[in-house]
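The values are calculated or read from the model by the stated rules, or taken from the named source; none is laboratory data. Note that this is a predicted model, so its numbers are computed, not measured. Ideal geometry is used to build each Cβ from the backbone, glycine not excepted, and the neighbour counts take in all protein chains shown. The area values use the complete protein model at the heavy-atom level, side chains included, leaving out ligands, DNA and RNA. Shrake-Rupley method; radii C 1.70, N 1.55, O 1.52, S 1.80 Å.
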Amino acid sequence: MSCPPTISTILDTAGSQIGARAAATAGRVRTGIDLGTATCVITIVDEAGAPVWIDVLPTAAIRDGVVVDFAGAAEATRRLKAAAEEALDMDLLSAATAYPPCVGEAESRACRFVLEGADFDEVLLIDEVSAANRALGVTDGVVVDVGGGSTGVGVFRDGELVFLDDRPGGGHHLDLILSGALGVDIGEAERRKRDDAGGEYLPVLRPGFERIAQNIAELSRDASDLDVHLAGGALMYPGADTTISRYLDRTVHTYPHANLITPLGIARSAP
């Protein structure tokens with residue numbers, strides 16, 4: 001009997017699958033929409049929770065979990081939905097989406113309205129940290145989701161979420177640091193950060209990563225006995241994981257294609 005694939009294997013598969021359909025899609029699928037600060041991601045999983053379709057569009061419709069351009073967010077979601085329906089030859093009627101832990105009720109409802117505006121009939125809302133753990137499956141540990149504008153921290157014990165909070169500080173703040181240091185605009189700073197495979201800018205970005213680590217430390221003060229699990233594209237920069245691990249002086253787990261952890265978990269949470 002073969003063993004089920006690990007989350008790292010699933011994420012490696014997902015990373016090579018953006019915009020390309022899996023070999024076969026049978027049975028019921030579930031759809032997740034990740035309304036991010038820089039991108040909107042659609043992820044579709046099969047009954048086993050494995051990804052069968054992932055696609056991405058750049059957007060600037062969300063800031064710190066708040067919808068600042070409803071029409072833009074709905075249009076991006078609608079385009080992703082239409083492309084997936086054509087590729088998979090099926091109608092997608094329900095979906096899940098996620099919001100940062102401390103976003104208020106009104107703002108989280110706005111995420112629901114975006115999906116309804118993109119013609120999804122049934123929409124489920126989940127916080128981003130819980131969504132990340134639907135992918136990671138951590139029973140006892142600290143799950144961290146670093147988004148564009150904030151760092152969400154959840155403490156899981158015996159499989160139950162016992163603490164959830166977030167703090168400002170994420171990928172956008174790293175872009176601001178690099179933009180100021182290099183004298184370039186935010187878009188160019190983000191591009192250089194994304195394309196830097198060798199960690200050239202780590203000395204400049206280290207204070208930003210240490211700020212994220214400080215937030216993790218403060219929000220998991222009562223869970224220092226637990227390992228830390230990192231999710232989020234901002235932490236894919238070379239040296240980010242070791243910087244955070246050294247600052248925390250704790251065991252820190254990282255995963256390939258960390259930017260796809262939360263989108264995968266959102267899809268697995270969908271109705």
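Evaluate the following for residue 68: is it more than 16 Å from the chain's Cα centre (by Cα), open to solvent by 10 Å² or more (accessible area, probe 1.4 Å) and modelled with pLDDT under 95?
Working: more than 16 Å from the chain's Cα centre (by Cα): yes; open to solvent by 10 Å² or more (accessible area, probe 1.4 Å): yes; modelled with pLDDT under 95: yes.
Against the criterion (more than 16 Å from the chain's Cα centre (by Cα), open to solvent by 10 Å² or more (accessible area, probe 1.4 Å) and modelled with pLDDT under 95), residue 68 qualifies.
Have a look at 88, 11, 92 and point out the one that is open to solvent by less than 10 Å² (accessible area, probe 1.4 Å), at pLDDT below 95, over 29 Å from residue 166 (Cβ atoms) and not β-branched (Val, Ile, Thr). Show your work before the answer.
Details: 11 fails: over 29 Å from residue 166 (Cβ atoms); 92 fails: at pLDDT below 95.
Exactly one residue qualifies, and that residue is 88.
Testing residue 229 on (1) over 17 Å from residue 254 (Cβ atoms); (2) in contact (Cβ under 8 Å) with a residue 60 or more places away in the chain, one condition comes back false. Which one is that?
(1)
Here's the yes/no breakdown for (1) closer than 13 Å to residue 260 by Cβ; (2) open to solvent by 60 Å² or more (accessible area, probe 1.4 Å); (3) of a type outside the set (Val, Ile, Thr); (4) assigned to a helix (DSSP H, G or I):
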| position | (1), (2), (3), (4) |
| --- | --- |
| 32 | yes, no, yes, no |
| 40 | no, no, yes, no |
| 48 | no, yes, yes, no |
| 55 | yes, no, yes, no |
| 73 | no, no, yes, yes |
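If you go through the range 119-177, how many residues are more than 20 Å from residue 234 (Cβ to Cβ), of a type in the set (A, V, I, L, M) and open to solvent by less than 20 Å² (accessible area, probe 1.4 Å)?
Matching residues across the range 119-177 total 2.
Those residues that are crowded, with 22+ Cβ neighbours inside 10 Å and in contact with a helix residue (DSSP H, G or I) (Cβ under 6 Å, 6 or more places away or on another chain), I need them from the range 194-231; list them, please.
205, 208, 209, 213, 229, 231
Within the range 97-129, track down each residue that is under 11 Å from the mean Cα position of the chain (by Cα), in contact (Cβ under 8 Å) with a residue 40 or more places away in the chain and in a helix (DSSP H, G or I).
128
Give me the helices (runs of 4 or more DSSP H) completely within the range 149-247, filtered to those with at least 2 residues that are in contact with a Lys or Arg (Cβ under 8 Å, 6 or more places away or on another chain), ordered by residue number. If you could, list the steps in order and put the result at the bottom.
On the way: elements: 171-182, 186-195, 202-219.
Because the criterion is at least 2 residues that are in contact with a Lys or Arg (Cβ under 8 Å, 6 or more places away or on another chain), the helices (runs of 4 or more DSSP H) in the range 149-247 that meet it are 171-182, 202-219.
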